[in-house]
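Trainee: Starting off with a structure, shown below.
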Amino acid sequence: MHPARAYAPGKIILFGEHAVVHGQPAIAVPLTAVQAHAEAIPDTFGAGLTVQAPDIGRTLHAAESFDEVADEADPVYNALMFPLELALDALNAPVPDLAITIRSSIPIASGLGSGAALATALIRALTMALGRSLRREKLNELVYEVEKRHHGNPSGIDNTVIVYERPIYFVRKTPPVPFAIGAPFTLVVADTGVNSPTKLTVEDVRRLFEAEPERVGSIFERIGAIACEGRAAIEAGQIAALGPLMNENHALLRQLTVSSPELDDLCAAALKAGASGAKLSGGGRGGNMIALADPAITPAVASALYEAGATSVFVTTVG
Ligand code: PMV
């Protein structure tokens, strides 16, 4: 066994959240401004596997097997130990004597891919410490299993963009398509400070779809078309085309009932400060929104977002 370190980025869904669960395309990019880091250190003989998460003050321990500690109802177990349980199973390896410390700057339950990034960093550190390797596709499959614990019925976009660490055009149950960024663009990312479990909004959208299949189905289709148009504009470096697409996508997400007064206020404030487009990103009803802004006006957009109630704001360049 060796000491090992691994990391995984967060992610931003640019277009297509929720509709992607129902088979439409979506596009997402890795977000390296926030990251999860795992550090594995070999422990003494017989110590078993320990995961320490100092950010949340929790330590989990599996002595010889996971049976004694496994608790599907515990979100901390699912986030920190379940990925390792799955990976050891896939590697056909016994519980190792290893201590892993995990730290993350990705806010939890806010649409930036915290769960998938933690799982990816943990599994990578574990496999490296064991001197083993997992194919990227296999790692993606395992992280998807973890996402299922968090979300119930995830599309798989979060784990895929985080594991591949590339801009991804994603359609459920088909291989991901990495795509190129034709010209860099700047996003201002703002947090409502409201934690909103994706599982609930995904369930509500499913119920809405069941109740009104035609209306909601056509909203999904338009969102899917926006994701395709967005990808084409990004590949061609036509950044000016993105703002209106973001605004339209946000309006459609509102119709799916997954926006919130906080998200709408932040989008309006960003647009008023000169952003050319704004939308919620991720599961919605809380979490983060993104605004497209010329780099020269990002300080003004960031201040406007704070004034409108954002609890944190950062600026990131895509590409
Ligand atoms: O809230 P997040 O970042 O996990 O976003 C999930 C995106 C959804 O489309 C709402 C759900 C999914 O599984 O794709």
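The values are calculated or read from the model by the stated rules, or taken from the named source; none is laboratory data. For clarity, every value in this text was computed on a predicted model and none was experimentally measured. Glycine gets a Cβ as well: all are built from the backbone with ideal geometry, and neighbour counts include every protein chain shown.
Trainee: Please specify each residue of the stretch 136-152 satisfying the condition of being closer than 14 Å to Glu165 by Cα and away from the ligand (no atom under 13 Å from the Cβ). Break it down into steps so the answer makes sense when it comes.
Mentor: Of the residues in the stretch 136-152, the ones closer than 14 Å to Glu165 by Cα are 136-137, 139-140, 143.
Correct list: Arg136, Glu137, Leu139, Asn140.
Trainee: Can we say Pro30 is at pLDDT below 95 and within 15 Å of the ligand (Cβ to nearest atom)? Walk me through how you get there before you give the answer.
Mentor: Numbers: at pLDDT below 95: no; within 15 Å of the ligand (Cβ to nearest atom): yes.
Judged against the criteria, Pro30 is not a match.
Trainee: Do we find a residue being within 16 Å of the ligand (Cβ to nearest atom), among the acidic types (Asp, Glu), at pLDDT 95 or above and more than 20 Å from Lys138 (Cα to Cα) anywhere in the stretch 5-18? Don't jump to the end; show me each part of the working.
Mentor: Keep residues of the stretch 5-18 that are within 16 Å of the ligand (Cβ to nearest atom), which gives 8-18.
Now narrow it down to the ones that are among the acidic types (Asp, Glu): 17.
Adding the requirement that they be at pLDDT 95 or above leaves 17.
In the following step, the residues that additionally are more than 20 Å from Lys138 (Cα to Cα) were identified as 17.
The answer is yes; a qualifying residue exists.
Here is a yes/no grid of residues against (1) farther than 18 Å from Asn159 by Cα; (2) more than 16 Å from the ligand (Cβ to nearest atom); (3) in the same structural domain as Thr311 (by TED's automatic domain parsing); (4) buried (at least 17 other Cβ atoms within 10 Å of the Cβ):
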position: Ala93; (1), (2), (3), (4): yes, yes, no, no
position: Leu98; (1), (2), (3), (4): yes, yes, no, yes
position: Thr101; (1), (2), (3), (4): yes, yes, no, yes
position: Gly111; (1), (2), (3), (4): no, no, no, yes
position: Ala121; (1), (2), (3), (4): no, yes, no, yes
position: Met128; (1), (2), (3), (4): yes, yes, no, yes
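Trainee: Find the helices (runs of 4 or more DSSP H) located wholly in the stretch 62-171 whose residues include 1 or more that are among the aromatic types (Phe, Trp, Tyr), and list them.
Mentor: Working: elements: 75-80, 82-91, 114-129, 136-151, 157-164.
Helices (runs of 4 or more DSSP H) meeting the threshold: 75-80, 82-91, 136-151, 157-164.
Trainee: Still on this structure, please answer the following. Which pairs do you get when a residue that is over 18 Å from Ser281 (Cα atoms), found in the stretch 214-230, comes within reach of a residue that is surrounded by 17 or more Cβ atoms within 10 Å (Cβ to Cβ), reach meaning Cβ atoms under 6 angstrom, with the pair 6+ apart or on two chains?
Mentor: Val216/Leu208; Val216/Phe209
Trainee: Also: Among the numbered criteria (1) closer than 30 Å to Leu187 by Cα; (2) out of contact with any strand residue (DSSP E or B) (no Cβ under 7 Å at 6 or more places or on another chain), which single criterion is violated by Ile106?
Mentor: Only one criterion is unmet by Ile106, namely (2).
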